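Mind looking over this structure? Questions follow.
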Amino acid sequence: MTDRILLVEDDPGSRDLIGTLLTARGYALDSAADGFLGLRLLSERRHGIVLIDYHLPEMDGYALARLMREIVGAHGHVRLVGITADRHGLASRRGADALFDAILVKPIEPGLLYATLDRLRERDEPPAAPVAAELPAEALWRRRGMAGRPRAVLYPDLGAEAIAAVGHAFVVGSVEVADVILIGGEEGLLQLRAHPAGSPAHLLPAIDLTGRLGRACDTAFRVNDPRAWTGLAEICRAFGERRAALAATIRNSDAAACKLLAWLYVGERSLPLSAADGVSATVLAAGLERSAAMAAILFLTEHDLAICEPAQDGLIVRLTSAGLSAATAGLTVAPTVPPKPSLDPIRDQARVQRLREAIGAAEVERLTGDLHARIKAAFPPEAAGPLIAQEAHALIAMAGSLGYTRLAAACQTLERAISTGSDETAALQRAKLAIHDIVEVRTVA
């Protein structure tokens, strides 16, 4: 199947967001603001997958999908994915299940979008050639007991050439499925430490590609050193075994003590405490702020799960035998979980983080700025019902994808009220209040 994707979406904000997600994954993209342009592009170029917004001007997504099936007909095959803010509305159309290969619900989740595209592409992958040439690195890793090239994330983003070079020895992808974190500079350490506590990134080995980062990483790797390949293979296996051995109550807990316990156990790490500043930057590799880290250390030492030993420039925190046992068996005394602080309490930070991991922090900030500029002018007093419904529909996807779930829900209620002929006054007021809160929080922040 070709990697070229056609996106038919009339709202420019949603088109920008989905297009950014697709290009970040390496897909070649064509986009159309209406169904007629979409039909023309499909007839002119070969697209493996078409993403179709259900609510389109002049021709809805269902009608467009039927026409696309007819156009492709004898000329080839295409996978159609419906995108809608109302799954039940699209699914209720007779024949929708047979017409669409998949349906995605707005706001779009990056992980679900990528998984859907991967599934559709795998379904159409041609059979493997009888004799396939294996990359040299695959054989080297297999010789060391690995299934193949380790899956990796590269921090920082050093450009396409660097990713291609790393790709000879690793499969570069997302942090959710990675085996290792490759660090190509000090900025990469900061990027790793920016992941919140509980991110899978903190339970993966950090691999120094520069040879200059020392104890800040778990090991170093040089492609021309056979011992480095062997050492990295051993570390990957060890980390994987200890991650699997973690007690579910430790792995799933939001308590800082559990996050620190898991970080120390999975990496067989010790934690240096600097006499100069109380807690070294290494603490941030567990995704914990200083106050949370100190509270976690206090809990672990008070319950004999960890011990502080003298070091040259301060102390080193290590797990005791009881701490090692607790990592796999669970804690007998549950630590308290403080409320999560946030400068933006009305925003779903978990959703925002997933989007950052998919397209990068800079793109998320750009899209957020575009959304804020848009919502300041949304729902003017003179706007008629159809225009209000159109704006509400567009904001469902944009606001929801960027973590503003309250505004997205308010816009869904507003669009539903107008489409059913109900009095939209209360729903419109709730949407405006949600916008006001977003603008106020961003101004203060």
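For residues that are assigned to a strand (DSSP E or B) and crowded, with 21+ Cβ neighbours inside 10 Å, tally how many sit in the stretch 1-21.
Within the stretch 1-21, residues that are assigned to a strand (DSSP E or B) and crowded, with 21+ Cβ neighbours inside 10 Å number 4.
Additional query: Looking at A285, A311, A362, can you tell me which residue is surrounded by fewer than 17 Cβ atoms within 10 Å (Cβ to Cβ) and modelled with pLDDT under 80?
Details: A285 fails: surrounded by fewer than 17 Cβ atoms within 10 Å (Cβ to Cβ); A362 fails: modelled with pLDDT under 80.
Residue meeting the stated conditions: A311.
Going through the stretch 249-273 one residue at a time, which ones are at negative phi and assigned to a loop (DSSP other than H, G, I, E, B)?
N252, S253, D254, A255, G267, R269, S270
Tell me yes or no: at least one residue of the stretch 380-401 is surrounded by 13 or more Cβ atoms within 10 Å (Cβ to Cβ), hydrophobic (A, V, I, L, M, F, W, C) and touching a strand residue (DSSP E or B) at 6+ places or on another chain (Cβ under 6 Å).
No - not one qualifying residue is present in the stretch 380-401.
If V81 meets every condition in (1) outside any helix (DSSP H, G or I); (2) out of contact with any Phe, Trp or Tyr (no Cβ under 6 Å at 6 or more places or on another chain); (3) in contact (Cβ under 8 Å) with a residue 40 or more places away in the chain apart from one, which number is that one?
Every condition holds for V81 apart from (3).
Can you name the residue in the stretch 241-282 that is modelled with pLDDT of 85 or more and of a type in the set (S, T, N, Q) and is also nearest to T320 (Cα to Cα) among such residues?
Ranking the candidates gives S270 first.
Could you list, in sequence order, the residues of the stretch 178-193 that are touching a helix residue (DSSP H, G or I) at 6+ places or on another chain (Cβ under 8 Å) and either β-branched (V, I, T) or part of a loop (DSSP other than H, G, I, E, B) (or both)?
A178, D179, V180, I181, I183, G184, listed by residue number.
Here is a follow-up. With the condition kept exactly as written, say whether any residue in the stretch 341-348 is farther than 26 Å from I250 by Cα and without any contact (Cβ under 8 Å) to a residue 24 or more places away in the chain.
So far as the stretch 341-348 goes, no, none of its residues is farther than 26 Å from I250 by Cα and without any contact (Cβ under 8 Å) to a residue 24 or more places away in the chain.
State which residue pairs qualify: first residue more than 30 Å from V333 (Cα to Cα) and in the same structural domain as E176 (by TED's automatic domain parsing) and inside the stretch 225-252, second residue outside any helix (DSSP H, G or I) and among the small types (G, A, S) in any location, beta carbons under 8 Å apart, and separation of 6 or more residues or different chains.
Partner pairs satisfying both residue conditions: A228/A220; A233/G145; R237/G145.
Another question, if that's okay. Might you check whether a residue that is charged (D, E, K, R) and surrounded by 20 or more Cβ atoms within 10 Å (Cβ to Cβ) occurs anywhere in the stretch 426-438?
Of all residues in the stretch 426-438, those charged (D, E, K, R) come to 430, 432, 437.
Narrowing further to those that are surrounded by 20 or more Cβ atoms within 10 Å (Cβ to Cβ): none.
Scanning the stretch 426-438, I find no residue that is charged (D, E, K, R) and surrounded by 20 or more Cβ atoms within 10 Å (Cβ to Cβ), so the answer is no.
Checking the structure you have, find out if any residue of the stretch 170-181 is in contact with an Asp or Glu (Cβ under 8 Å, 6 or more places away or on another chain) and more than 18 Å from D208 (Cβ to Cβ).
Within the stretch 170-181, one or more residues are in contact with an Asp or Glu (Cβ under 8 Å, 6 or more places away or on another chain) and more than 18 Å from D208 (Cβ to Cβ).
Give the stretch 22-52 a look and list any residue that's touching a residue at least 24 places away in the same chain (Cβ under 8 Å), closer than 25 Å to G360 by Cβ and either in a strand (DSSP E or B) or among the β-branched types (V, I, T) (or both), or say none.
Matches in the stretch 22-52: A28, L29, D30, S31, I49, L51.
Which count do you get for residues in the stretch 288-307 that are among the hydroxyl-bearing types (S, T, Y) and either under 31 Å from the mean Cα position of the chain (by Cα) or not assigned by TED's automatic domain parsing to the domain that holds C258 (or both)?
The qualifying residues number 1.
For the stretch 396-433, give me each residue that is touching a residue at least 40 places away in the same chain (Cβ under 8 Å) and hydrophobic (A, V, I, L, M, F, W, C).
Result: I396, A397, M398, A399, L402, A408, L428, A431.
The values are calculated or read from the model by the stated rules, or taken from the named source; none is laboratory data. As the structure is a prediction and not an experimental result, all values here were calculated from the model. Don't worry about glycine lacking a Cβ; one is built from the backbone with ideal geometry, like all the others, and counts go over all protein chains shown.
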